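A quick write-up on the structure given underneath.
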Amino acid sequence: MNRPGTMSSHTIAVLVENKAGVLARVADLFARRGYNIVSLNVAPTTDPTMSRFTIVVDAESAPIEQIVKQLFKLINVVEIAQLGPPDVVERELILATVEAPQESRSQVLELVDIFKGRILAVSTGKLTVSMEGTPDKVNDFEALLSDYGIVEVQRSGVMALPKVGRPVPRLRAGSAEPTV
Amino acid sequence: MTTPGQRIDGASALIKSLEAADVEVMFGYPGGAILPAYDPILDSGIRHVLVRHEQAAGHAAEGYAHATGKPGVVVVTSGPAATNVVTPLADAMLDSVPMVCITGQVALPAIGTDAFQECDTTGITRSITKHNTLVTRAEDIPMAIAEAFHIATTGRPGPVLVDVPKDIVSPANPDAWFDWYWPTELNLPGYQPDMTPSASSIADAVELIRSAERPVLYVGGGVLKARGAEALLALAERTNTPVVTTLMARGAFPDSHELCLGMPGMHGNYTAITAIQQADLLIAMGSRFDDRVTGKVGAFAPGAKIVHVDIDPAEHGKVRRPDVSVVGDCRIAMEQMLTRLAEVGGAEAVADHTAWRSTLSGWQEKYPLTYDREATGELKPQYVLERLAELSPDDTIVTSGVGQHQMWASQYWQFDHPYTWINSGGLGTMGFSVPAALGAKMGMPDRTVWAVDGDGNFQMTGQEMITATVENIPIKVALLNNSYLGMVRQWQELFYDRRYSEVSFGRDFPDYVKWSESMGAVAFRVEDPDEVDDVIAQANEINDRPVVVDFRIAEEENVYPMVPAGGSNDDVIVDPSQQSMLDADRAAGALGADRRAASKESQR
């Protein structure tokens, strides 16, 4: 499986009307056209009639251009921004429960400290930790934690916004050409 | 007469909304959840056609839409009725047919409880509609209907489904009452189809068209949806460009025109197929590089540049990357191309196509569509269709089911007018022809409508002849009865070593004459070629009742030419009487000469 932030994935921000079933419409489109989702995030925007998806797609499953065009055929999709690495800020949250017996506990704590993570829960032999960062950082953190034995892990998927002052190509309904 | 602001219940508002959307005809079938909406139908001016199966309501709406250009309207109940319209919705989705389907739904509090006749209609139909919606408040009904018609008929047309729970259309429910309105503005921020192509794309397209030496206009159903037949004729003539019309576009360009090459694809004619293969420019006009046209994609039109004109941006580059992408309505695009062409010098500025045209007419002469005309004792389906076309009015509308009879009808009927050929191209839905004919006849009552059907197809939807009789819709059915599922049998003959598995229907059951008569139709049986003309003439004289003619055709006739599925169009198989000549030509390399010369030139 591709991790967010790896070369073969693309991040798109999809602005949709906040209507019943819109998540199902997007998910269904990916399923029936055979596009792979690496991660998907959705929440309302400041305008309560709109929601924004951040979707990381596996670019090897289909050309990104075709994915964007097919998404646009959904009536509720209003705007799609393609978010390339230099133009965006990306963040992801990871929660992990790791094995931390007496002999390795201090090493795990040190690792969490280095990554500016937090300890959320402690039990005999296990720790639940959180960390927030770029997808690359989160990948590194998870890889290092796995040396100690990950019991359970949950990643939020990527959230992204354009960098201030960096225009990103946005495709709006009703125009064939992207506008910046 | 309800005026704006007057109190109205959901059911009356639903029917009143259809009236406001200029609906004249709807096809439907009542039932539990939609019951409240059927009461105001009694007081409405909209003609309701009561079909015998909901699938037929859907195909009839499609036939109506194909024939008239207006959206077809379907009204059915929840659960099994909704699942019965799944097939026509999928059909309309693949063939871009404007259609609005209203389904009843169980009352809102019952949704999600597995109630009687409940199914997740919007969930089931999500991927086979252009859009669908579950209305949850009575006062949203006019807006939902207005949006449905707008979405169904604009941009790339398609089916839209509106699911209406029973309680919001029940006059007994106080919450089902609201102040009537008809929306003047729609709130669809994500839907603004772009009709007008960019000027630069038009200019680029015209440049390629001007310089092409072996161009082909590859015309699809989008030209008909755009009402673009006139513009197409002008563009083809002005640029002296040969035209192929796909299965969805038959009639978009007159078959009798000297520039017309007919149908390409799996059962297209040799010249249409080979012209594409050897073209240096394909102008794809409202066509979508369907696998039944391209065969093996990698070997399709290998030497051609592509100008792709389509209103749906997602069609551009889906199968074949265009050199010039023209996103917009086909009619507008062609009109703009003509204007642009005039600016840059008109017809004089277009490369000379004399050599190309003469190559094509050479192929037409050598490899025309043909069948064994001398065969005795057998009724040939191609002969039946030739006579039917000859003896029926010029503007006859032909519908068809799916299979061999569909291909023969497309091949042997000469279509000289747009909107005279109605079939199920994308989904390939057996049983399409009879209900589609009902819809076409409802839309065009003064025209002769012949449903060309196969025996397998007729057994799927033949019950709709009852609808034809009872609703007084005098359609005619030409049943090409070969007692087989003919296309499947043909494939088993060619690719499964003649091992015929589950394809024989037998001659005698049902007795099509008795069955048709029992449904109120006038019925004939024809076994002898000498009887064909007389029976067709009689059938064409009958205008007050439906007619069924059981043509008992040759059992094992095959459709040729044929490109085997997944094969290259270069390997098209022609009629057995021509194949040895073609093999010899291929061995001599005579037919590929143009393309090889061209590719050598481009290497230099």
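No value in this document is a laboratory result; all are computed from the given coordinates. Not measured: the values here are computed from a predicted model. Don't worry about glycine lacking a Cβ; one is built from the backbone with ideal geometry, like all the others, and counts go over all protein chains shown.
Counting each pair of different Cα atoms once, what's the Kirkwood radius of the stretch A:89-159 in Å, rounded to one decimal? The partial results should precede the final answer.
Numbers: mean 1/r = 0.0841 Å⁻¹.
Radius from the Kirkwood sum: 11.9 Å.
State the three equivalent ellipsoid semi-axes of the stretch B:374-494, derived from the C-alpha gyration tensor as the square roots of 5 times its eigenvalues, in descending order and whole Å.
Semi-axes (√(5λ), whole Å): 23, 17, 13.
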* To do: Please report, largest first and rounded to whole Å, the three semi-axes of the ellipsoid equivalent to chain B, where each semi-axis is the square root of five times an eigenvalue of the C-alpha gyration tensor.
  => 42, 32, 20
* Report the normalised scattering of the stretch B:64-145 as log10 I(q)/I(0) at q = 0.12, 0.24 Å⁻¹, calculated by the Debye formula with identical scatterers on the alpha carbons. => -0.36, -1.26
* Structure fact -> When the charge dipole of chain A is computed with +1 at the Cβ of Lys and Arg and -1 at the Cβ of Asp and Glu, the Cα pointing farthest to the positive end, of A:Pro135, A:Pro167, A:Leu111, is that of A:Pro167
* Sort the following peptides by mean Cβ neighbour count (other Cβ atoms within 10 Å, averaged over residues), highest first: B:220-230, B:23-33, B:105-115. => B:220-230, B:23-33, B:105-115
* Between B:Leu186 and B:Arg447, what is the label-to-label distance in nm when each label sits 7 Å out along the Cα-to-Cβ direction? -> 2.6
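Over chain A, what is the relative contact order in whole percent, taking alpha-carbon pairs under 8 Å and six or more residues apart? If you can, show how the numbers build up before the last one.
Values: 342 pairs, mean separation 47.5, N = 180.
Reported relative contact order: 26 percent.
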* On Cα atoms only, tilt of B:10-20 relative to the major axis of chain B in degrees -> 40
* Asked: Rounded to two decimals, what ratio of Rg to Rh does the stretch B:156-277 give with C-alpha atoms and a Kirkwood Rh?
  -> 1.23
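Just rank B:Thr121, A:Thr134, B:Thr184, fewest to most, by other beta-carbon atoms within 10 angstrom.
Placing the least packed residue first, the sequence is B:Thr184, A:Thr134, B:Thr121.
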* **Dipole moment magnitude, nearest 20 debye, the stretch A:89-159 about Cα centre, only Lys, Arg, Asp, Glu C-beta charged** => 240
* Structure fact -> For the stretch B:307-430 (alpha-carbon point model, no solvent) the Debye-based log₁₀ I(q)/I(0) at q = 0.12 Å⁻¹ works out to -0.81
* Kindly express, to the nearest 10 degrees and within the range 0 to 90, the angle between helix B:486-495's C-alpha long axis and the longest C-alpha principal axis of chain B. => 40
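Mean separation of Cα pairs under 8 Å and 6+ residues apart, divided by the residue count of the stretch B:381-552: what relative contact order is that in percent?
On the way: 311 pairs, mean separation 39.6, N = 172.
Once divided by the residue count of the stretch B:381-552, the mean separation gives 23 percent.
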* For the stretch B:302-356, convex hull volume per residue from C-alpha positions, Å³ -> 98
* Could I get the Rg over Rh figure for the stretch B:10-111? Both from C-alpha atoms, Rh via Kirkwood, rounded to two places. => 0.95
* Asked: In 5 Å bins starting at 0, how do the alpha-carbon pair distances of the stretch B:458-593 split up by percent?
  -> 2, 9, 15, 15, 14, 12, 10, 9, 7, 4, 2, 1, 0
* Bin all alpha-carbon pair distances of chain A at 5 Å intervals from 0 and give each bin's fraction as a whole percent. => 1, 8, 16, 18, 16, 13, 10, 8, 6, 3, 1, 0, 0
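Using a Cα distance threshold of under 15 Å, what count of lysine pairs results for chain B when pairs must be 8 or more residues apart or interchain?
Values: B:Lys70/B:Lys225; B:Lys70/B:Lys441; B:Lys296/B:Lys318; B:Lys441/B:Lys476.
Close lysine pairs under the 15 Å cut-off: 4.
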* Hey, any idea what Rg/Rh is for the stretch B:199-365, computing Rh the Kirkwood way over Cα pairs? -> 0.92
* Can you pull the Kirkwood radius for the stretch B:10-179, inverse mean 1/r over Cα pairs, to one decimal in Å? -> 15.3
* Fraction of alpha-carbon pairs over 46 Å apart in the protein assembly as shown - percent -> 32
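Residues with beta-carbon under 15 Å from that of B:Cys119, excluding B:Cys119: net charge, scoring Lys, Arg +1 and Asp, Glu -1? Spell out each step's value before the answer.
Working: positive: B:Arg126, B:Lys166; negative: B:Glu54, B:Asp114, B:Glu118, B:Asp120, B:Asp163.
Spelling it out: positives minus negatives among the neighbours equals -3.
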* Degrees between helix A:102-114 axis and first principal axis of chain A (Cα, 0 to 90, nearest 10) -> 40
* To do: Give the percent of DSSP beta bridges with both residues in chain B that are antiparallel, rounded to the nearest 5.
  => 5
